[in-house]
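Chemist: Pasting a structure below so you can have a look.
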Amino acid sequence: MPAEIKGLNEECGVFGVFGAPEANHLAYLGLHTLQHRGQEGAGIVTTDGTEMYQYRNRGLLAQVFKNQADLDHLVGEAAIGHVRYATAGRHTLANVQPFLFRFHDGDVALAHNGNLTNAVTLRRQLEDEGAVFQSDSDSEILIHLIRKHIKQGFIPALKQSLNELHGGFAFLLLQKDRLIAALDPNGFRPLVLGQLPDGAYVVASESCALDIVGAKLLRDVQPGELLVIDRDGLHEDHFTTKTQLAICSMEYVYFARPDSIIHGVTVHNARKRMGKLLAAEHPVDADIVIGVPNSSLSAASGYAEGAGLPYEMGLIKSQYVARSFIQPTQALRERAVALKLSAVRGVVAGKKVAVVDDSIVRGTTSQKLVKMLRDAGAKEVHLLIASPPFRFPCFYGIDVSTRAELMAAHYSIEEMRQQIGADSLHFLSVANLIKAIDLKDTGNAPYQGLTVAYFNGDYPTPLYDYEASYLASFNAQEQRMRKEQLKS
């Protein structure tokens, strides 16, 4: 099972292209644009129609391919690539994707974004049947399932295997002569289809990766969909029609780049609406509005507009510091927070400041932020969060698999405010989050096609392998809170 939460960690980014000269360089550009989705490892696999070539390593994309020769030897007109943040599996080279499997009847490469909720059960079954795993990533399970059913043919085996998986998954598979994309029945993770001017197809986690290579966004890959791209073009298929859109709302709140378009909604616009609705829901007595760089700037501008207050640059982010949640110890993470953000004294000194942030997970960053602004002379600090309190774990591809360190799971908003040290603390409601994202044409899907389980505990699927431990942690916490209430 994934480790307990150390911060709000991202999932992974996948990129695939078929039928384009210099597919390796297009994959590199696409992955560079998706670097915000994972910084622990990166890799690319290509095919020239006869052979398949792989290079992967730990670290940022530019570090992995610091030697041009490593990229240049990946020849061919088709490629898949991956940038990794570990939601399942250790931070080892064996877990860096894309995986490349060599079989007597044809090689297969695989890249995965998401998290399987029945991975433990499936892996045990497969190992008992003789499967030998090369990694401890849940992504490898798909290949072993395909081999189990391969006598049916590759595509039928793939369809059956995908139907045996539960949880969140956006898969790209590359064979010598085709690229395959598949998305889980709820579409938890984003996946888009684009096309280059020369007709080559591109599939990526976010549309910003299409923009960088000059591809036109055609559409989102749909839940339960199976796309096969080969020399004859695009073939649209499904591995299941039992689907219901429940895309992760945190993509809009935090994960995705502001310039990405997910299910017809530009992320920046959604965040700006979150800020405007937050201003209507929670007006505060402030002189200026500032945003926490970078993911909160859109919401902060919306709040300022909605509140009729000046929007100022009160915090500066260093572009040369690694994200704090990746640091291996709490002490280093806290130092990284101080390194990456600094207050602009000339903007905040003597002012009542409204600070807009996207979310509170553990609360340590918020504490340091408030202290930093007070040290810079802020008269008052009002903290406004452009999402609801994060009270419940995610099991579909964000590294938040227990409630143990979720601040809002343990404390009331007033208790959080006191610990953080803000003059006031306010959150966006679930209803206004859904209204701000404003997905269209989602039929009768609950929560307008979004997963908001992190805020209200209403999961769109069974939790399978996670159910028992989740209920145990939930019940233990409820008992602790009842005891504390009795004491007080």
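Chemist: Do any GluC sites (Glu not before Pro) in segment 29-129 lie in a loop, going by DSSP, with at most 15 other beta-carbon atoms within 10 Å of their beta carbon, and if so which?
Modeler: Counting only loop positions with at most 15 other Cβ atoms within 10 Å, the GluC sites (Glu not before Pro) in segment 29-129 are Glu51, Glu129.
Chemist: Along the positive direction of the dipole of segment 266-438 (beta-carbon charges: Lys, Arg +1; Asp, Glu -1; about the Cα centre), which of Ala270, Leu341, Val355 reaches farthest?
Modeler: Checking the options against the dipole of segment 266-438, the answer is Leu341.
Chemist: May I ask you to compute the full-extension gain from Gln54 to Lys371, defined as 0.36 nm times their residue separation minus their alpha-carbon distance, rounded to one decimal in nm?
Modeler: Values: separation 317, 0.36 × 317 = 114.12 nm, distance 4.74 nm.
Full extension from Gln54 to Lys371 adds 109.4 nm.
Chemist: May I pose another question? Hey, how many Å between the Cα centroid of segment 255-313 and the Cα centroid of segment 97-145?
Modeler: 41
Chemist: Based on the Cβ-Cβ distance from Asn67 to Lys151, what FRET efficiency comes out when R0 is 56 Å, to the nearest 0.05? Let's see the in-between values first.
Modeler: Details: r = 42 Å, r/R0 = 0.75.
So the FRET efficiency works out to roughly 0.85.
Chemist: Which distance in nm do the two modelled labels at Ala349 and Leu234 give, with both placed 7 Å along the Cα-to-Cβ direction?
Modeler: Result: 5.7 nm between the two label points.
Chemist: Please report Ser139, Ser318, Ser295 as a ranked list, fewest other C-beta atoms within 10 angstrom at the top and most at the bottom. Spell out each step's value before the answer.
Modeler: Numbers: Ser139 27, Ser318 11, Ser295 22.
Fewest to most other Cβ atoms nearby, the residues stand as Ser318, Ser295, Ser139.
Chemist: Given points 7 Å out from each Cα along the Cα-Cβ axis, report the Glu305 to Thr92 separation in nanometres with one decimal.
Modeler: That separation, rounded to one decimal, is 5.0 nm.
Chemist: Would you please give the residues with an amide H less than 5 Å from that of Phe427, counting only those at least 5 places away or on a separate chain, with H modeled from the backbone geometry?
Modeler: It is Ile385, by chain and number.
Chemist: Only Cα pairs under 8 Å and at least 6 apart count here; give the relative contact order of the chain as a rounded whole percent.
Modeler: Working: 1177 pairs, mean separation 69.8, N = 488.
Computed over the chain, the figure is 14 percent.
Chemist: Continuing with this model, one more query. Tell me which residues come under 5 Å, amide H to amide H, from Val361 once H is placed; ignore anything under 5 positions away on its chain.
Modeler: none
Chemist: My understanding is that a pair violates if its Cα-Cα distance is over 21 Å; which of Lys272/Lys435; Lys340/Lys371; Lys159/Lys242; Lys276/Lys352; Lys272/Lys368 do that in this structure?
Modeler: From the list (Lys272/Lys435; Lys340/Lys371; Lys159/Lys242; Lys276/Lys352; Lys272/Lys368), the Cα-Cα distance tops 21 Å for Lys272/Lys368.
Chemist: Starting from the Cα gyration tensor of segment 18-176, multiply each eigenvalue by 5, take the square root, and state the resulting semi-axes largest first in whole Å. Before the final figure, lay out the partial values.
Modeler: Values: eigenvalues 131, 70, 32 Å².
That gives 26, 19, 13 Å for the three semi-axes.
Chemist: Could I ask something else about it? Mind checking the dipole of the chain: about its Cα centre, +1 per Lys or Arg Cβ, -1 per Asp or Glu Cβ, Debye to the nearest 20?
Modeler: Its charge dipole is roughly 1460 debye.
Chemist: So who's got an amide H within less than 5 Å of the one on Val400, skipping anything under 5 residues away but keeping other chains? H placed 1.01 Å off N, in plane.
Modeler: Counting only residues 5 or more places away or on other chains, the set is Cys394.
Chemist: For segment 367-451, which GluC sites (Glu not before Pro) are in a loop by DSSP, counting at most 16 other Cβ atoms within 10 Å?
Modeler: Working: sites: Glu380, Glu405, Glu414, Glu415; in loops: Glu405.
Passing both the DSSP loop test and the Cβ count: Glu405.
Chemist: Under 8 Å for C-alpha pairs, at least 6 residues apart: give me the relative contact order for segment 68-157, rounded to a whole percent.
Modeler: Numbers: 74 pairs, mean separation 21.7, N = 90.
About 24 percent, as a whole number.
Chemist: For the chain, which span is the longest to avoid every loop-located (per DSSP) member of trypsin sites (Lys or Arg not before Pro) having at most 12 other Cβ atoms inside 10 Å?
Modeler: On the way: sites that count: Lys66, Arg90, Arg102, Arg231, Lys242, Lys440.
Result for the longest clean stretch: 243-439.
Chemist: Please return the longest range in the chain lying between exposed loop sites, taking chymotrypsin sites (Phe, Trp or Tyr not before Pro), DSSP loop only, at most 11 other beta-carbon atoms within 10 Å, and leaving the sites out.
Modeler: Numbers: sites that count: Phe103, Tyr320.
No qualifying site falls inside 104-319, the longest such stretch.
Chemist: Now for a different question. Give the separation of the Cα centroids, segment 52-68 to segment 369-442, in Å.
Modeler: 36
Chemist: Going by how many other beta carbons lie within 10 Å of each one, how would you line up His36, His166, fewest first?
Modeler: Values: His36 18, His166 21.
Placing the least packed residue first, the sequence is His36, His166.
Chemist: Helix 23-33 against the longest principal axis of the chain: what's the angle in degrees, Cα atoms only, rounded to the nearest 10?
Modeler: The angle comes out near 10 degrees.
Chemist: Put +1 on the Cβ of each Lys and Arg and -1 on the Cβ of each Asp and Glu in the chain; which of Asn444, Ser387, Gly214 then has its Cα farthest toward the positive end of the dipole?
Modeler: Among Asn444, Ser387, Gly214, the one farthest towards the positive end of the dipole of the chain is Ser387.
Chemist: Could you run the Karplus curve 6.51 cos²θ - 1.76 cosθ + 1.60 with θ = phi - 60° over segment 359-364 and give me ³J(HN,Hα) per residue in whole Hz, x for Gly and Pro?
Modeler: 6, 10, 9, 9, x, 5
Chemist: Determine, from the Cβ-Cβ distance of Ala468 and Phe103 and an R0 of 25 Å, the FRET efficiency 1/(1 + (r/R0)^6), rounded to the nearest 0.05. Each step should come with its number before you reach the end.
Modeler: On the way: r = 36 Å, r/R0 = 1.43.
According to the calculation, E is roughly 0.10.
Chemist: Then there is this: Taking the Cβ-Cβ separation of Gln195 and Ile413 as r and a Förster radius of 56 Å, what is the calculated FRET efficiency to the nearest 0.05? Intermediate values should be presented prior to the final figure.
Modeler: Working: r = 47 Å, r/R0 = 0.84.
For Gln195 and Ile413, the calculated efficiency is 0.75.
Chemist: For segment 191-198, take each phi angle, set θ = phi - 60°, evaluate the Karplus expression 6.51 cos²θ - 1.76 cosθ + 1.60, and give the result in whole Hz per residue in order, putting x for glycine and proline.
Modeler: Going residue by residue, I get 7, 10, 10, x, 9, 7, x, 7 Hz, with x marking Gly and Pro.
Chemist: Given 0.36 nm per residue, what is the gain on full extension from Arg219 to Ala280 after removing their alpha carbon distance, in nm? Don't skip to the answer; put the middle values down first.
Modeler: Working: separation 61, 0.36 × 61 = 21.96 nm, distance 3.32 nm.
Roughly 18.6 nm would be gained on extension.
Chemist: Something else about it: Could you tell me which residue out of Thr33, Pro197, Gly233 lies farthest along the dipole of the chain toward its positive end? Charges go on the beta carbon: Lys and Arg +1, Asp and Glu -1, centred on the Cα centre.
Modeler: Going by the Cα projections, it comes out as Thr33.
Chemist: Pairs of Cα atoms under 8 Å, at least six residues apart: use those to get the relative contact order of segment 266-438, whole percent.
Modeler: Numbers: 353 pairs, mean separation 41.1, N = 173.
Reported relative contact order: 24 percent.
Bear in mind these aren't lab numbers, they're just calculated from the coordinates by the rules spelled out. Only a predicted model underlies this, so the values are computations on that prediction, with no experimental measurement involved. For neighbour counting, all protein chains shown are included, and Cβ atoms are generated from backbone atoms with ideal geometry for every residue, glycine included.
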